Amino acid sequence: MTTPQRQTRTDAAIDVIELHKHFGDNEVLKGIDFHVDNGQVVCVIGPSGSGKSTLLRCVNLLEQPTSGRIFIEGDEITDPDVDVNAIRSRIGMVFQQFNLFPHLTVLRNLTIAQQRVKKRGKDEAVEIARRNLAKVGLSEKEGAYPAHLSGGQQQRAAMARALSMDPDMMMFDEPTSALDPELVGDVLGVMKDLASEGMTMMVVTHEMGFAREVGDKVVFMDDGVIVEEGDPREVLGNPQHERTQAFLSKVL
Ligand code: ADP
Ligand code: MG
């Protein structure tokens with residue numbers, strides 16, 4: 001293909017150009033083009049199966065795109081010659097399932113990758129872990145095992161673990177979808193704090209209140225395309241496209 005492609009925005013945190021992703025014959029992303037500026041909170045919404053998780057996973061190359069280009073802080077992660085792990089380490093990931101090691105304490109869950117990947121000494125790793133546990137309100141749980149924490153506490157521990165790796169940006173894939181309703185608020189509260197500190201964030205979520213209040217931009221996806229994007233108050237309050245209207249009428 002020789003389709004001319006637009007120039008990358010070298011100053012953006014994330015820049016996605018003409019991204020396509022097939023699983024076999026199934027085209028799941030059909031030409032996604034969007035960017036996230038530094039310090040911006042972009043919320044991605046859309047029905048189940050629309051490609052939100054695949055998009056997130058392509059951005060840090062957990063999925064290999066079929067075509068298209070992705071730049072992280074001006075560096076092309078889709079360049080075959082690039083050190084993918086070095087670029088990926090700038091992005092903290094938080095998933096719906098918390099993926100904590102069940103056989104390790106909370107503190108050890110936070111120090112293990114710091115020591116192995118960041119090559120930090122134990123004392124430094126512990127100090128950084130404790131700072132981040134305090135930030136998510138879990139200082140008193142550092143010696144607990146994941147099974148003894150509530151889902152909300154486990155998710156906050158997973159966030160503290162990601163933050164302990166000093167990411168430049170954070171990506172969240174439905175971080176509150178597995179939680180009992182009364183535990184959602186604490187997790188969203190920590191995310192809101194992060195946003196107000198200026199963290200660049202890309203958040204797949206069904207929490208429209210969060211998107212409206214914290215999001216700088218909302219992106220609505222359906223069937224592998226971005227149907228509509230813009231100011232959360234505009235997109236959520238006055239959607240222009242019939243598909244956006246239909247989706248929002250079900251979730252609002
Ligand atoms: P969403 O997160 O919006 O619910 P996904 O990105 O998980 O959507 O999935 C989009 C589509 O891609 C779905 O049809 C799903 O079945 C398909 N899909 C996702 N991951 C895979 C995979 N590893 N192999 C095959 N199909 C996949
Ligand atoms: Mg998903």
Revision key, fill the gap. Expected output for the stretch 161-183 (first residue in contact (Cβ under 8 Å) with a residue 60 or more places away in the chain, partner aromatic (Phe, Trp, Tyr) and open to solvent by 50 Å² or more (accessible area, probe 1.4 Å), Cβ below 7 Å, 6+ apart or cross-chain) is Asp173/Phe95
Study note, to complete from the structure: The lone condition Leu56 fails out of (1) within 11 Å of Met221 (Cα to Cα); (2) within 13 Å of ligand 2 (Cβ to nearest atom); (3) surrounded by 21 or more Cβ atoms within 10 Å (Cβ to Cβ) is (1)
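Taking the stretch 124-154 as the search range and keeping residues that are among the aliphatic types (A, V, I, L, M) and free of Cβ contacts under 8 Å to residues at least 24 places away in the same chain, which one is least open to solvent (accessible area, probe 1.4 Å)? Talk me through it step by step, then tell me what you get.
Looking only at the stretch 124-154, we keep the residues that are among the aliphatic types (A, V, I, L, M), and these are 125-126, 128-129, 133-134, 136, 138, 144, 147, 149.
Going one step further and asking which of them are free of Cβ contacts under 8 Å to residues at least 24 places away in the same chain, we end up with 126, 134.
Working: Val126: 25, Ala134: 58 Å².
For the stretch 124-154, the residue satisfying everything is Val126.
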Review point. Would you say Arg120 is outside any loop (DSSP other than H, G, I, E, B) and either among the charged types (D, E, K, R) or farther than 26 Å from Gln40 by Cα (or both)?
Key: no
Practice item. Return the residue satisfying two criteria in turn: it lies in the stretch 70-90 and is outside any loop (DSSP other than H, G, I, E, B) and touching an Asp or Glu at 6+ places or on another chain (Cβ under 6 Å), and of such residues it is farthest from Gly224 (Cα to Cα). Key: Ile87
Check your understanding: Consider Asp33 against the criteria (1) closer than 17 Å to Asp223 by Cα; (2) within 16 Å of ligand 1 (Cβ to nearest atom); (3) in a strand (DSSP E or B): it satisfies all of them except one. Which criterion is unmet?
Key -> (2)
Practice item. Of the conditions (1) of a type outside the set (D, E, K, R); (2) open to solvent by 10 Å² or more (accessible area, probe 1.4 Å); (3) closer than 30 Å to Gly151 by Cβ, Val84 clears all except one; give me its number. Key: (3)
Review point. Wholly within the stretch 150-252, which helices (runs of 4 or more DSSP H) include no fewer than the required count, namely at least 2 residues that are of a type outside the set (Gly, Ala, Ser) and within 16 Å of ligand 2 (Cβ to nearest atom)?
Key: 242-251
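The values are calculated or read from the model by the stated rules, or taken from the named source; none is laboratory data. Note that this is a predicted model, so its numbers are computed, not measured. Cβ coordinates were reconstructed from backbone atoms using ideal geometry, including for glycine residues, and neighbour counts include every protein chain displayed. Surface accessibility is based on the protein's heavy atoms, side chains included, excluding ligands, DNA and RNA. Shrake-Rupley method; radii C 1.70, N 1.55, O 1.52, S 1.80 Å.
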